[in-house]
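The values are calculated or read from the model by the stated rules, or taken from the named source; none is laboratory data. In this text the structure is predicted, and so the values were computed from the model without any measurement. Here the Cβ positions follow ideal geometry from the backbone for every residue, glycine too, while neighbour counts run over all protein chains shown. Only protein heavy atoms, including side chains, enter the accessible area calculation; ligands, DNA and RNA are left aside. Shrake-Rupley method; radii C 1.70, N 1.55, O 1.52, S 1.80 Å.
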Amino acid sequence: VLEVNLRGTFAGAREAAGRMAAAGRGGVIVNIASTAGFKGVAPGLAAYVASKHGVRGLTKQLGLELAPQGILVNVIAPGRIDTERIAELDQGNAQKTGKSVEDVRKMSIAGIPLGRLGRPEELASKVFTLHRDDIFGGFASNPAVTGVLTGLIGPRGDCFLSQFIFKNPGAIGQP
């Protein structure tokens, strides 16, 4: 978990920052953390929670180090997103607890203010639609999540999301 979530984020940001610095025009790196990066969430998830706290700290430090090169670094901390992995986790939790998958899902949704899981396209949309000067609050923003998800991104040309560099932030899905 630490290898993928924290070290992978570091390696991806290092690669993106190197390319952005070489191009000489700045850019934006967006790391993906989790609401688990703000607090513990459940027994047995220490490595995951530590990795997401680490992504938040890494983002703050990279923001300080890369700002002089015009590279802005931010993190988005989504809540639970409706993916195959979450469905697998819910299935596993149902088996462990003897509850139905539906009951496990209802319990996980009960703590979400909007009453539902986030959707992957909403996460991608936040990264790209919030790409404006007037909403950027700093070079290492770390937004708290109060609904399904939230996030900030700065005003530069390149956006780094997960392991993809998008040259045109408006063209979702076109690396």
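Between ALA21 and ARG116, take the C-beta separation as r, use R0 = 30 Å, and let me know the FRET efficiency to the nearest 0.05. Write down the numbers at each step before the final one.
Working: r = 40 Å, r/R0 = 1.34.
Result of the calculation: an efficiency of 0.15.
Remark on ASN31: its backbone amide H falls under 5 Å from those of ASN74, VAL75, ILE76, a criterion applied only to residues 5 or more positions apart or on other chains, H modelled at 1.01 Å from N. Peptides 11-17, 115-121 ranked from most to least packed give 11-17, 115-121, packing being the mean of other C-beta atoms within 10 angstrom over each peptide's residues.
Here the accessible area is traced with a 1.4 Å probe on the protein chains. For the stretch 4-57, carbon and sulfur cover 60 percent of it. Among the trypsin sites (Lys or Arg not before Pro) found in the stretch 52-110, those both in a DSSP coil and sparsely packed, with 15 or fewer other Cβ atoms within 10 Å of their Cβ, are LYS99.
When only the heavy atoms of the protein chains count and the probe is 1.4 Å, how do ASP90, ASP103 rank by accessible area, highest first? Mind showing how you got there, number by number?
Values: ASP90 0, ASP103 70 Å².
The residues order as ASP103, ASP90, largest area first.
Take SER108: with every protein chain present and a 1.4 Å probe, its accessible area is about 30 Å².
In this view, the solvent-accessible surface of THR97, computed with a 1.4 Å probe and all protein chains in place, comes to about 80 Å².
Note on surface exposure: VAL55, VAL41 rank VAL41, VAL55 by accessible area, highest first, 1.4 Å probe. For the stretch 1-85, the per residue solvent-accessible surface stands at 49 Å², with DNA, RNA and ligands left out and a 1.4 Å probe.
Compute the length gained on full extension between GLU3 and PHE38: take 0.36 nm times their separation in residues and subtract their Cα-Cα distance, giving the result in nm to one decimal. Don't skip to the end; give the middle numbers.
Working: separation 35, 0.36 × 35 = 12.60 nm, distance 1.95 nm.
Answer, rounded to one decimal: 10.7 nm.
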